[in-house]
Amino acid sequence: MVLVQRPVPAEVDLGPQVRTLTLVTVEGAPDAAAQVARTLQARAMHQDYFRLVLWSEGMAPDASGRTGYLSIEIAEWTQEQVPSGGGTEEARVRLLARMGRTPQGPWSEPYESGGSLNGVAATSDLQRPQLLGGACVRAIDDLLSALAPRPEVEEVTLDTSDDRLRAGAALASRGALEEARAALEKVHEDHPELPGAAYDLGVVHEALGDWQGAEALYAEAVRLRDQKLYRDALQSVRKRLRSAQSGFPP
């Protein structure tokens, strides 16, 4: 067995290669826009799926496919008393976020995230921003949750039916993935007719996050021997590669 992260696709999928998210613009009142940008920067530091950078004039667009571009429109930024609320106020923040592969677009359909917060009526101007700030945090956290896949760790069965596979499989099972890759690559090169070598090497590639490499190796294993273990792995990685393209403009 080897532990493999097989993430559930994000609600707003950035694509399988995107690891940098660039905030191009925030449209809204200047004070609100600045607070949204600051909050996004601060909250993005608490997740480890992508890094966030701010776009500035003169930056060269990234053509590698590893950068997604983000534009946010502040659709609502209000704080008002709740009718018959006994002095309670409610803050509401609603954001429309669009994704693109370049800083000029084309942009995806907007994803709406929103946050609201109730609190006792402020007694001074210093307290008022706290309610809106809390609603802003909720809206940003909703957006970040939609952008990041939810990893699920699965125990994946390795093929040890051939003695030549067992050393590499043992390394993979102990979590020594780089050593396992080197050992299985040697077996795969020396015995290209061995389907288990392609499959086990594919599992290691998948565990290391190389879905495209895993797909090619699983397909090779199925071509050499069409069996359920290999087919299931191939269908699983292909499904994730397909879903990772959805919702993101070409």
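The table that follows gives values for the structure above.
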read-out	value
Of all residues making up region 34-59, the number that are in contact (Cβ under 8 Å) with a residue 40 or more places away in the chain and within 17 Å of Gly114 (Cα to Cα)	6
Filter result (of a type in the set (S, T, N, Q), in contact with a Leu (Cβ under 7 Å, 6 or more places away or on another chain) and not in a strand (DSSP E or B)) within region 19-51	Gln41, Gln47
Evaluation of Glu89 against (1) within 18 Å of Gly28 (Cα to Cα); (2) at pLDDT below 95; (3) in contact with a helix residue (DSSP H, G or I) (Cβ under 7 Å, 6 or more places away or on another chain); (4) not β-branched (Val, Ile, Thr) (one fails), failing number	(1)
So Asp190, is it in the same structural domain as Leu95 (by TED's automatic domain parsing) and either more than 25 Å from Arg238 (Cα to Cα) or buried (at least 16 other Cβ atoms within 10 Å of the Cβ) (or both)	no
Residue match in region 91-101 (condition: part of a strand (DSSP E or B), over 27 Å from the mean Cα position of the chain (by Cα), in the same structural domain as Asp31 (by TED's automatic domain parsing) and in contact (Cβ under 8 Å) with a residue 40 or more places away in the chain)	yes
Verdict on Thr78 being surrounded by 15 or more Cβ atoms within 10 Å (Cβ to Cβ), modelled with pLDDT of 85 or more and of a type in the set (Ser, Thr, Tyr)	no
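The values are calculated or read from the model by the stated rules, or taken from the named source; none is laboratory data. Computed from a predicted structure; not experimentally measured. Cβ: placed from backbone, ideal geometry, glycine included. Neighbour counts: every protein chain shown.
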